[in-house]
Amino acid sequence: QYVVHDTPALKLPYLPDAVARGISLVFPEAGRDRTIPFPFGAEGFTARYLGRWPERRPFRLVLEGAEVLQGELFEHVLRIALPPGDIQRFRLASKMWRRDLELFGVWRMLPDVIRNNQDVVEAAIDGWLWALTPFEEVTLVHAVPRPLEAPRPTAVTASRSVEGSTDAYLFGAVDLHGPSTEMLAAEARLDDPVDDLSLPAPDRSRTKAIAFTTTIRETEDLAILYGGDGDQLVELPGAGPVWLHSAIHRIGDTRHHLIRYRFRASTRFREYFDPTTLIPASNGAGLDPEAPVDDGQSVVGPQIELSVPSSARPAAPLVHSVLPLFRWDTGGEPEQPVATRHRRRAGVRIYLERPWYSSGDGELLGVLLAPAGDDTAATRHPVSQWGADPVWLSQPIDNRALYLELNNLLRVIGFEDRPGDALPVVTPATLPLGSVPGSPAVTVLGYRPEFNVDRQLWYVDVAIDPRSAFWPFVRLAVARYQPESIDGCHLSAPVRCDFVQLTPERTTSVSRTDLRHARVVVSGPVGIRDRPPGGAFPTDIDAFADWVRVHRKMVARLQRTDP
């Protein structure tokens, strides 16, 4: 029940207590950061009643709003001003005089060592001791329809605990306004790729959920998130007692997700307002479907995107076929302004069966190489290998483990990250083949698969530099690769592909030397089928060129445009 007096002067309608000499206000929450116990560390004040008994003049309490907390006592009017969202609690009791203490039997029963303590005597006559002057709890509230500050994540990360975990654990902090915030909710948006075999092509699944909610205390201005069950109160050096808020998102699967989180702070003063009168703020929700819903009782902070790692090994890829790849590059001839260049480069295309994304968003096809410096890796576990075609006499292939031939060294060490066709999309990593500690390690190059609607297959193009090898055989070892995984869950079981031969690389340069002539230059490695007579290679350059010339043949076709 609220009793509102609309007159500036009140008359006491009853006979007052003769020992009540004035009012006593004690603020028990003031000085909470001190280590001095009550009553010595408490804050409060007293004020004498005006008038002589029995015509005591009562005080009138006026509550106002202000930018900062302040109070003023003038004659019989006590004014207290509260900033928005503030709550003040005090104990209202009666003040007495020092000579009145001996009138109380409770006081006379106390030991002399307490009665002679001047601090205790001062607290007793100021109305701080409940046994002598019982108090009433008074709460002053400056209610606001929504929290004064939008929650702002300061440092939030997501992780999984162990292999097979279906929950995401959030760690970090959220800056907020505790006096006006009662509840903090994490709203999650998931936009995951799905490869449903009943659909003609891969699609995306978009869902929304409340990741978790937690209660905020009035004294908090920084909510600490941790991945544990239940809120906990801990003592942090230099920060005092703080609450750790349980922040667990029950996702329900082990796949990798890129989740966008928004933190919503709800008002502490919902019961002070009529829900039908709360007007949502204009936030463009009608124009932007991604905008959060405004209920008029909460504020929403900025959006952050967190990577929740995969906690299970991907399924082994289903390799459909492996084909030679023709990578065509067309452009100008370097340092020749009137010439063009057409280049055919080598590689392989790997077709993969559906479905994909067994480990979630960002799943790649990893090509497995032997780690640098491990010459025996090819004989101990599956890695990509290559070898020369015995039909051709060409540059020998010394390293059958295929170390860096899939890429250039600058990309391997991370200096070059420019995108390109048939190139890895992540920096190479050295990872164990299995989740068991001590599993053999391999170097992994990750390639992003593309979907072929006509063939209903995924495919990956892998650029390979054959260097001086002529028609070499290549047998790739591949695995599904999820870069965003917990330790031991990055790679699936390895799969060996079929053998495939790399086509020789050719570069054709065409330039006009005059109005009637064109110059065509074709370059690239040449293979030799037969050894020279006697088995020895000619040492004379002209004889060697004549011997090589019989093993190659070029066919050129000239076409005339129809005007």
Could you tell me which residue of segment 460-473 is farthest from the chain's Cα centre (by Cα), considering only residues that are open to solvent by less than 50 Å² (accessible area, probe 1.4 Å) and farther than 25 Å from R354 by Cβ? F470
Residue pairs meeting the criteria (Cβ under 9 Å; at least 6 apart or on separate chains; first within 14 Å of F171 (Cα to Cα) and among the polar types (S, T, N, Q), in segment 230-247; second modelled with pLDDT of 85 or more and in a loop (DSSP other than H, G, I, E, B)): S246/G227; S246/G228; S246/D229; S246/G230; S246/D231
Criterion first (assigned to a strand (DSSP E or B) and open to solvent by less than 70 Å² (accessible area, probe 1.4 Å)) does S165 satisfy it? no
The one condition in (1) open to solvent by 80 Å² or more (accessible area, probe 1.4 Å); (2) assigned to a loop (DSSP other than H, G, I, E, B) that H551 fails to fulfil: (1)
For segment 428-458, give me each residue that is loosely packed, with under 15 Cβ neighbours inside 10 Å, among the polar types (S, T, N, Q) and farther than 22 Å from R349 by Cβ. T430, S439
Qualifying positions in segment 88-110 - open to solvent by 70 Å² or more (accessible area, probe 1.4 Å) and either modelled with pLDDT under 90 or not charged (D, E, K, R) (or both): W97, L103, V106, M109
If we ask which residues in segment 478-502 are surrounded by fewer than 16 Cβ atoms within 10 Å (Cβ to Cβ) and not in a strand (DSSP E or B), their number turns out to be 4
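So that you can scan it fast, the table gives a plain yes or no per residue for (1) small (G, A, S); (2) farther than 13 Å from I248 by Cβ; (3) touching a residue at least 60 places away in the same chain (Cβ under 8 Å):
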position	(1), (2), (3)
A155	yes, yes, no
A173	yes, yes, no
A188	yes, no, yes
R206	no, yes, no
T215	no, yes, no
E220	no, yes, no
Go through segment 304-355 and tell me which strands (runs of 3 or more DSSP E), entirely inside it, have 3 or more residues that are open to solvent by less than 20 Å² (accessible area, probe 1.4 Å). 347-352
Subset of segment 168-215 (residues that are over 27 Å from D229 (Cβ atoms), crowded, with 19+ Cβ neighbours inside 10 Å and of a type in the set (S, T, N, Q)): S180
Enumerate the strands (runs of 3 or more DSSP E) found wholly within segment 191-243, keeping only those where 2 or more residues are among the β-branched types (V, I, T). 203-215
Please find, within segment 509-529, the residue that is surrounded by the most Cβ atoms within 10 Å (Cβ to Cβ) out of those that are without any contact (Cβ under 8 Å) to a residue 60 or more places away in the chain and not in a strand (DSSP E or B). V526
Could you list, in sequence order, the residues of segment 327-348 that are without any contact (Cβ under 8 Å) to a residue 60 or more places away in the chain and closer than 23 Å to V460 by Cα? W328, D329, T330
State all residues of segment 121-144 that are open to solvent by 50 Å² or more (accessible area, probe 1.4 Å) and either of a type in the set (G, A, S) or within 31 Å of the chain's Cα centre (by Cα) (or both); if no residue qualifies, say none. A131
Among the residues of segment 326-342, how many are in contact with a Ser or Thr (Cβ under 8 Å, 6 or more places away or on another chain) and at pLDDT below 90? 7
If we take segment 22-68, then strands (runs of 3 or more DSSP E) inside it with 3 or more residues that are surrounded by 13 or more Cβ atoms within 10 Å (Cβ to Cβ) and modelled with pLDDT of 90 or more are 22-27, 43-48
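The values are calculated or read from the model by the stated rules, or taken from the named source; none is laboratory data. Bear in mind that the values here come from a model prediction, so they are computed numbers and not experimental data. Glycine gets a Cβ as well: all are built from the backbone with ideal geometry, and neighbour counts include every protein chain shown. Surface accessibility is based on the protein's heavy atoms, side chains included, excluding ligands, DNA and RNA. Shrake-Rupley method; radii C 1.70, N 1.55, O 1.52, S 1.80 Å.
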